[in-house]
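The values are calculated or read from the model by the stated rules, or taken from the named source; none is laboratory data. Given the structure is predicted, the values throughout are model-derived calculations rather than measurements. Using ideal geometry, Cβ is built from the backbone for each residue, glycine included, and neighbour counts are taken over all protein chains shown.
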Protein chains: 2
Amino acid sequence: MTTTRAEPQPADFADVRTTNLAVVLRHLRTHGPSSRAAIASSTGLTKATVSSLTGDLIGHRLLRETGLSGNRIGRPATVLALDGSAYASIGIQVSPGQLTALAVDYSGDQLLLWHRAFEPRRMNSEIVALAQRAASRVRQQGRHLLGLTVAVPSPDLRELLSGSLRQKDLIVTVGGHAMLAAVAEQRRGGHSGQDLAYVSGAAGLEAGLILDGQVLRGGRLGPFTLGPAGSPTLQDQAGIETLVKRALPDFDPAALTDLGPAVEQVAVRARAGDEVALAALAHTGGYLGQGLAVLTNLVSPDVLILGDHFATLADWLIPAASAELSRHTDAAKARVVPSTLGLHAAALGGAVSHLDQVDTGRIPQPVG
Amino acid sequence: MTTTRAEPQPADFADVRTTNLAVVLRHLRTHGPSSRAAIASSTGLTKATVSSLTGDLIGHRLLRETGLSGNRIGRPATVLALDGSAYASIGIQVSPGQLTALAVDYSGDQLLLWHRAFEPRRMNSEIVALAQRAASRVRQQGRHLLGLTVAVPSPDLRELLSGSLRQKDLIVTVGGHAMLAAVAEQRRGGHSGQDLAYVSGAAGLEAGLILDGQVLRGGRLGPFTLGPAGSPTLQDQAGIETLVKRALPDFDPAALTDLGPAVEQVAVRARAGDEVALAALAHTGGYLGQGLAVLTNLVSPDVLILGDHFATLADWLIPAASAELSRHTDAAKARVVPSTLGLHAAALGGAVSHLDQVDTGRIPQPVG
C-alpha cells in the first residue's frame, strides 16, 4: 500500500489494512501455499503491499516460509503457508451429567477433547475449573487463546469465566447448544454458504439457524403447542426422552440420565426390526417433521440437519419426518440430513466461532 | 480527503468515499441542517473533505444550501440541509381484490398513494400497468427512481417488471407482505433498533422478522399444526377469515372478499359488548398467542407487532394473546403491540426499503 496521508482520515486506514490482511489469509486458505508474487497477482494487491502484509502475518506466526517453488520461469520464489498453530480457541459443552471441552487451533486441528462427569449442583464451578484447565493447557503450548464459548446458557456464567481466565482481551461467550452446533455445521459440516437449521435433541428440543451467512440466536422448538390448555407440546411428542421411553418400554427410567447408551439401544433394536422401536421412531419422526415444517415455513432453510441423538437415529426418523414436512410446506425445497459432527458439535461450534476474528484480519497481539 | 495514489488499491478508494458520504448523510439526518464546519467537527472529517463531499451531494441534489447561520462567533456560515426530493421509490401491495401503490421520496414524504381494484386472473398485467404508471408519475416530477418492490410473491413477476420499467439500474424486488411490513415498522413505526416480529393476517397468517438489524425473509405462520393428519392449523384457528366467520355468523360469506369492512364490523360489535364477537376474538387471540410463542421461543424478538386487521382488533386480541404467550414462554420479555401503520404497511415497507442505498452512500446518477 503506497498511500500517503497529510491529514487524519476518518474512514480508518487501519480498516484498509485489516481488510487486506483478511484478503491474504483468504487467498491462502483457498489456494494453499503460495509465493508472494502469486498472492499479488491473484488478489490485485501490489507486491510491496503483499510483502508488508505477509511480513506482518509472519510476525504474528500466522504464516511461515516453507521453501522455494521451482515450477515457474525465472528464479524460484519463497512459498508461504498458513500456520494456524499460534492461535487457539476453546468450546465447552454442558450436557446432562457431562462436560466436554474441545480446543482447536486456527488451522482447525483439534488440540484437546476432554470429557468429565459433573455434579449438577456444582455446575458453574465445574465449568470454571474445566475452562481454567483447558486455557492453561493451551497457553502452556505457547498459543494465544482467542476466545472461549460455553454451549448452554447460564446467565451469570460469562462474568464468572471472564474473571477467572486472566486475559484482558479474551472473548468469553455463552450460547445455546443448537445455535453453536449450527456454527460448527456451517464451518465444518460441509454446509458452508447454505441456509441451515440444526435441530438438537440432547438438551430439550432446540433449533439453531444460520441464514444469509448470519448466525441467529438459537431457539427452542420444544414448547410449541397448538390447542387448548394441557395439549401436548412438540417436546412431549418428538423429544428424545419420550422416544426412548416409547421405544424401550422395558428400560429402567433411572438409566435415562445418560441418553447416549439408550439411544444406541434404540438403534440396535430398530436395526433388528423390533416393531415397538420402529413404531416409536415413526411417531417421533412424524412430529419432528411438523417441527421442521415450522422452521421451513418461517425461514425456508436450504438444509435441515438432524443433530446429536437424532443423527444417530436418522435412518428411521428421516422418512417419517420428510413425509410430514412435505405435507405441511409448499415446495420440497429443504433437504433433511443427519449431522456428521457427532455428540459434541456444540463444543466444536463454540471453539471455531472464535476463528472468525483472525479470518477478517483482526489479529490479536503476536505470541512467543 | 487528500490521499494520493501511485498504484491501484484493492481496498477500494471508492469505498472510503462511499463510507464518508454515508457519514455526512447520517450526520444531517440525525442533527438536521448544519454548516460544513459543524459537520467536520462532529464527524472528524477534515474541512476540505467535507467541502468535497458536500459538493458531491449538492450535485446529486441530496443537499441544498438554506441560508446563513448567525449563532456563532466569526462570520456566518452557509447551512446545508438534506433534500430528499430528487430520489424516489415505489412499493406495490397486492391484497385480495386490491392493488395499492405508494411512492416516497428520500426524505420520506409520501409522493402518491393509489388504490385500485383488479381481476385476480389479470393480476400480473395489472401490477405491471400500475408499476409503469407510478414510475412514469415519479419520473415526470424529475425524480430518480431508486427501486420498486411488490409485496406478495409471484415468482415470475420480477423479470416481467424489470423489463417493463425501462431503467437499466432499477432495483425491482418482490417480497412477502409481513417481511415488508416489518421493514416499514423498523423505519417508520418507532421500532428502530429493536428485534421485531410483525404478524400479518391480511393474506394468510404470515410473520416478518427483523433481528440484529437484519431483515429475514418473511415466512408463513398459517400452516403450523401439531397432531395427526387432518388436525387444524394455526390459520384455521387464528386466521382473519375464521375470526370474521365466527364473530359475524349472520354475515353473507360472499361479502368476505374484502375483509376490511367485515373486520370493522367485528370491532363495532365488540365495542358494543356483543358476546359472540367477544368470544370469537378471545378464541383467535389465544391461538394467535400460541403462534407468537413459537416466534418468541425460536428467535426472542423484543416486540411482537400485530399488523393490519389484527391491529384494528388489537384491544380485544392482545389480552388473550399475551396470556397464552406467557403460558408457553419462559420470560415475558416480548411486548405485544398493535401496528400504527395501517393496512398498507407492506407497500410502505417496499418503498422505504430502497432508501438504504442512499443512506449508505451508494448514490445513483444525479437527475435533472
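Could you say which residue among B:Gly213, B:Gly189, B:Gly193 is at positive phi, within 15 Å of the chain's Cα centre (by Cα) and more than 14 Å from chain A (Cβ to nearest Cβ)?
Result: B:Gly193 is the single residue among B:Gly213, B:Gly189, B:Gly193 that is at positive phi, within 15 Å of the chain's Cα centre (by Cα) and more than 14 Å from chain A (Cβ to nearest Cβ).
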Set A:Leu145, A:Leu130, A:Leu205: member being modelled with pLDDT of 85 or more and within 30 Å of B:Leu216 (Cα to Cα):
A:Leu205
Give the stretch B:55-77 a look and list any residue that's at pLDDT 90 or above, more than 29 Å from the chain's Cα centre (by Cα) and not acidic (Asp, Glu), or say none.
B:Gly55
Restricted to the stretch B:216-252 and to residues being of a type in the set (A, V, I, L, M, F, W, C), part of a helix (DSSP H, G or I) and away from chain A (no Cβ under 14 Å), the residue nearest to B:Ala277 (Cα to Cα) is B:Ala247
Of these, B:Val172, B:Val183, which one is in contact with a helix residue (DSSP H, G or I) (Cβ under 9 Å, 6 or more places away or on another chain) and assigned to a strand (DSSP E or B)?
B:Val172
Are any of the residues in the stretch A:203-212 assigned by TED's automatic domain parsing to the domain that holds A:Val244, more than 21 Å from A:Val263 (Cβ to Cβ) and without any contact (Cβ under 8 Å) to a residue 12 or more places away in the chain?
no
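Has the stretch A:2-13 got at least one residue that is at pLDDT below 85, more than 10 Å from chain B (Cβ to nearest Cβ), farther than 30 Å from A:Ala346 by Cβ and touching a Gly at 6+ places or on another chain (Cβ under 6 Å)?
no
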Single match in A:Ala293, A:Ala262 (criterion: away from every other protein chain (no Cβ under 14 Å) and of a type in the set (A, V, I, L, M))
A:Ala262
Out of B:Val150, B:Val128, which single residue is surrounded by fewer than 22 Cβ atoms within 10 Å (Cβ to Cβ) and under 18 Å from B:Val174 (Cα atoms)?
B:Val128
What number of residues within the stretch A:26-60 satisfy the criterion of being away from chain B (no Cβ under 14 Å) and under 25 Å from A:Ala88 (Cα atoms)?
14
Flag if A:Val199 is modelled with pLDDT of 95 or more and within 30 Å of B:Leu211 (Cβ to Cβ):
yes
Which one of the conditions (1) of a type outside the set (Gly, Ala, Ser); (2) touching a helix residue (DSSP H, G or I) at 6+ places or on another chain (Cβ under 7 Å); (3) buried (at least 16 other Cβ atoms within 10 Å of the Cβ) does A:Pro249 fail to meet, given that it meets all the rest?
(3)
Filter the stretch A:281-320 down to residues that are assigned to a loop (DSSP other than H, G, I, E, B) and modelled with pLDDT under 95 and give me whichever is surrounded by the most Cβ atoms within 10 Å (Cβ to Cβ).
A:Pro301
Only one residue in A:Ser107, A:Ser95, A:Ser125 is closer than 29 Å to A:Gly222 by Cβ, in the same structural domain as A:Ser353 (by TED's automatic domain parsing) and under 16 Å from the mean Cα position of the chain (by Cα), so which one is that?
A:Ser95
If A:Ile171 passes every condition in (1) among the β-branched types (Val, Ile, Thr); (2) modelled with pLDDT of 95 or more; (3) outside the structural domain of A:Ala321 (by TED's automatic domain parsing) but one, which one does it miss?
(2)
Which of (1) closer than 20 Å to B:Leu298 by Cα; (2) among the hydrophobic types (A, V, I, L, M, F, W, C); (3) part of a helix (DSSP H, G or I) does A:Ala267 not meet, given it meets every other one?
(1)
Is there a residue being outside the structural domain of B:Ser95 (by TED's automatic domain parsing), surrounded by fewer than 16 Cβ atoms within 10 Å (Cβ to Cβ) and touching a Ser or Thr at 6+ places or on another chain (Cβ under 8 Å) anywhere in the stretch B:266-273?
no
